[in-house]
Amino acid sequence: MARVGVLTEFDIDAHAPAILLVKLEPEERIWSSIMYLEITPPWESFEPEEFGDVTGITVLLEDLILIPGKADFIGIDLPRIYQRHQALDVDQLIIRLQDIEEVLSAYN
């Protein structure tokens, strides 16, 4: 199962989670289907060093799918991401928490 965690961003006033990082296992790299993630906090906290030397792809707002009737889950359109990048050996997906919030608020 994918490890899901957050990277925290620091600013003048405070620090807050900014990026949801999904660390993929090899068997989860199924580029022909939608990946479903439970998005209920609390999430594991990742350090910036964990973000570094592995292959990652940014998940765009349009790659996120709301799942009707399942407020705690979100879908990631892996076929769309594969079409854009043509990369099979990806270790992590990078999602802005702001994008997840936007998708959830647009349909709720």
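The values are calculated or read from the model by the stated rules, or taken from the named source; none is laboratory data. All of these numbers come straight from a predicted model, not from anything done at the bench. Cβ: placed from backbone, ideal geometry, glycine included. Neighbour counts: every protein chain shown.
Only one of the numbered conditions (1) at pLDDT 90 or above; (2) surrounded by fewer than 16 Cβ atoms within 10 Å (Cβ to Cβ); (3) not in a loop (DSSP other than H, G, I, E, B) is not met by Ser32, and that is (3). Suppose the filter is in a helix (DSSP H, G or I), surrounded by fewer than 14 Cβ atoms within 10 Å (Cβ to Cβ) and at pLDDT 85 or above; does Glu49 pass it? No; evaluated as a whole, the condition is false for this residue.
Among the residues of region 53-79, not one is under 14 Å from the mean Cα position of the chain (by Cα) and among the basic types (Lys, Arg). So for region 38-58 (the condition being over 18 Å from Leu21 (Cβ atoms) and of a type in the set (A, V, I, L, M)), does at least one residue qualify? Checking region 38-58: not a single residue is over 18 Å from Leu21 (Cβ atoms) and of a type in the set (A, V, I, L, M).
Evaluated against (1) part of a helix (DSSP H, G or I); (2) touching a residue at least 60 places away in the same chain (Cβ under 8 Å); (3) within 21 Å of Glu27 (Cα to Cα); (4) not aromatic (Phe, Trp, Tyr), Ile100 falls short on exactly one condition, (3).
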